[in-house]
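The values are calculated or read from the model by the stated rules, or taken from the named source; none is laboratory data. The structure presented is a predicted model; accordingly, all values stated were derived computationally and were not measured. No Cβ is skipped: glycine too gets one built from the backbone with ideal geometry, and neighbour counts run over all protein chains shown.
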Amino acid sequence: GTDEINFVENINITRTNESFNDDEYIFDRTDIRAIFITLYTIVFCCCFFGNLLVILVVTLSRRLRSITNFFLANLAVADLCVGVFCVFQNLTIYLIPSWVFGDFLCKMYQFVHSLSYTASIFILVVICTERYFAIIHPITCKQILTSTRLRLVILGVWITSAAYSAPKFIWVETIKNNLGDGRTETICISHRRKYNSELFDMINFGLLYVTPLVVMTVLYTRIAVGLWQSSQSLQQLGRVQCCATQCPRVEKTPNFEPQRTFIGTTETKKMLMRSMKNNNTTKNGRLESRDCHHLSHLSRNVLRARRGVVRMLIVVVLTFAICNLPFHARKMWQYWSSGYEGTSDFSTLLTPLTFLITYFNSGINPLLYAFLSKNFRKGMRELLFCNFHGKRKSENMIVLNSVGVGLRRSSTRSTRANCSTVTMAPNGDS
């Protein structure tokens, strides 16, 4: 968007007219400046240190090496760029009469502002799509959404976002503005003659806000329904099979290769029932009751872990929608309302506030991970206290053979970052 640039023009008009009236420019007030400097500094610290911590934790912690966390690390990279290239640069527009960062950083500021937003929304859609296939269509996920392909998708997200934002380098530049009395100021501004800013912002609103949120709402609703059905299926299977101690025993092999647990879909239930009926690899064809109950417990842990991850992702998406809504709403008000006055004190304060809320979204994500994910909290503590020793407790896994041969219970010492494995923390937290 170019609102920050358009607002610079309003600032200059206001400042130029100061000599003709007694109204004080709102950002010349010490209390207003102190409040905004404090708020922007807090947001910058959250963006920079919080997202840097997320990147390091996902990179160094083996328990967090999964596809979803790989996506979240890429989201943290986009948010980190906001902290480095956008936050304080945006603040100086309102506090300093002249752009002091030069022509390149003027272009970079606009480019990164667009790049980070575009990449963030695309990454959130990719995460949602991957979770949908992993939970609702696990076999398809295993066959199609491999780790290599998903990494290529993320690479494509960054390339597409960069290409979409590249025109900023053409539209934006610094110019000299003559204030009179021999005074000049440098302005970081985009040339409206080179493009239709209103049309561009409308496209951004529809393509990069409304449409992705509608898609993610539909997919997360399907995921929630699928997880609820999974819980019902497990309860039914637990009553029918485990209580009757009809679960088959599967011999453990030393070269065991874990597969993703397929729980919650119709095909899963059929596979599970067929596995229990057809497997004859045990002496008595039965498991002890305590093993069946343990199997049921592990299944519930898988669902609990998945629900925790999905809950965290939904909160991240809702936060993104809420924090970016004021930014888009102000733009629509500016274009559609005849009552919008760009030089009023209200609009002068509203513009940086909407940017601040948008930047706050980049800073709050690490806090959401810390509050909603126990594994993220553990990883952060390990990083902060330099406690990465390569040790990891064995984690229970429940596995359903891809050909429906039977159920296996095992331990693993590493998390496979693809659709083939679900690793459960002992308490089922994400």
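No other residue among THR38, THR68, THR30, THR92 is within 27 Å of the chain's Cα centre (by Cα) and closer than 26 Å to SER347 by Cα apart from THR38. For region 36-68, the set of residues classified as under 19 Å from ALA305 (Cα atoms), surrounded by 19 or more Cβ atoms within 10 Å (Cβ to Cβ) and not polar (S, T, N, Q) consists of VAL58, ARG63, LEU64, ILE67, listed by residue number.
Report yes if ARG183 is more than 28 Å from the chain's Cα centre (by Cα), loosely packed, with under 15 Cβ neighbours inside 10 Å and touching a residue at least 40 places away in the same chain (Cβ under 8 Å), otherwise no. No; evaluated as a whole, the condition is false for this residue. Taking ARG330, is it charged (D, E, K, R), outside any loop (DSSP other than H, G, I, E, B), modelled with pLDDT of 85 or more and under 18 Å from ALA73 (Cβ atoms)? No, not satisfied.
Looking for something touching a His at 6+ places or on another chain (Cβ under 9 Å) and at pLDDT below 90 - is there at least one such residue anywhere in region 158-169? Checked against the condition, which is being touching a His at 6+ places or on another chain (Cβ under 9 Å) and at pLDDT below 90, region 158-169 yields at least one hit. All of (1) surrounded by fewer than 19 Cβ atoms within 10 Å (Cβ to Cβ); (2) more than 26 Å from VAL87 (Cβ to Cβ); (3) at pLDDT 90 or above hold for CYS128 with one exception: (1).
Taking the criterion of being over 24 Å from GLN334 (Cα atoms), of a type in the set (S, T, N, Q) and assigned to a helix (DSSP H, G or I), the only residue of region 161-207 that qualifies is SER161. VAL153 meets each of the listed conditions (1) over 25 Å from ILE322 (Cβ atoms); (2) out of contact with any Asp or Glu (no Cβ under 9 Å at 6 or more places or on another chain); (3) free of Cβ contacts under 8 Å to residues at least 60 places away in the same chain apart from (2). I'd like to verify a number: residues in region 335-360 that are more than 27 Å from PHE44 (Cα to Cα) and either aromatic (Phe, Trp, Tyr) or assigned to a helix (DSSP H, G or I) (or both), how many? Counting residues in region 335-360 that are more than 27 Å from PHE44 (Cα to Cα) and either aromatic (Phe, Trp, Tyr) or assigned to a helix (DSSP H, G or I) (or both) gives 3. Within region 330-353, the set of residues being surrounded by fewer than 20 Cβ atoms within 10 Å (Cβ to Cβ) and touching a residue at least 12 places away in the same chain (Cβ under 8 Å) comprises ARG330, MET332, GLN334, TYR335, GLY342, THR343, ASP345, SER347, LEU349, LEU350, LEU353.
Residues in region 92-108 that are surrounded by fewer than 23 Cβ atoms within 10 Å (Cβ to Cβ) and either part of a helix (DSSP H, G or I) or without any contact (Cβ under 8 Å) to a residue 12 or more places away in the chain (or both): 11 in all. Would you please name the residue that is nearest to VAL54 (Cα to Cα), looking only at residues in region 69-84 that are β-branched (Val, Ile, Thr) and surrounded by fewer than 21 Cβ atoms within 10 Å (Cβ to Cβ)? The residue in question is VAL77. Among the residues examined, LYS142 does not qualify as among the charged types (D, E, K, R), crowded, with 17+ Cβ neighbours inside 10 Å and closer than 23 Å to GLY206 by Cα. Checked against (1) closer than 26 Å to ILE322 by Cβ; (2) under 23 Å from the mean Cα position of the chain (by Cα), GLU198 passes all but a single condition, namely (2). Per this entry, LEU318 is counted among residues that are modelled with pLDDT of 80 or more, out of contact with any helix residue (DSSP H, G or I) (no Cβ under 9 Å at 6 or more places or on another chain) and in a helix (DSSP H, G or I). Restricting PHE27, PHE44, PHE71 to those that are assigned to a helix (DSSP H, G or I), modelled with pLDDT under 95, of a type in the set (Phe, Trp, Tyr) and farther than 20 Å from LEU179 by Cα reduces the list to PHE71.
Scan region 145-159 for residues that are buried (at least 16 other Cβ atoms within 10 Å of the Cβ) and part of a helix (DSSP H, G or I) and the total you get is 5. Applying the selection to region 95-126, what residues are of a type in the set (Gly, Ala, Ser) and under 23 Å from VAL210 (Cβ atoms)? If the condition is that a residue be of a type in the set (Gly, Ala, Ser) and under 23 Å from VAL210 (Cβ atoms), then SER114, SER116, ALA119, SER120 are the ones that fit.
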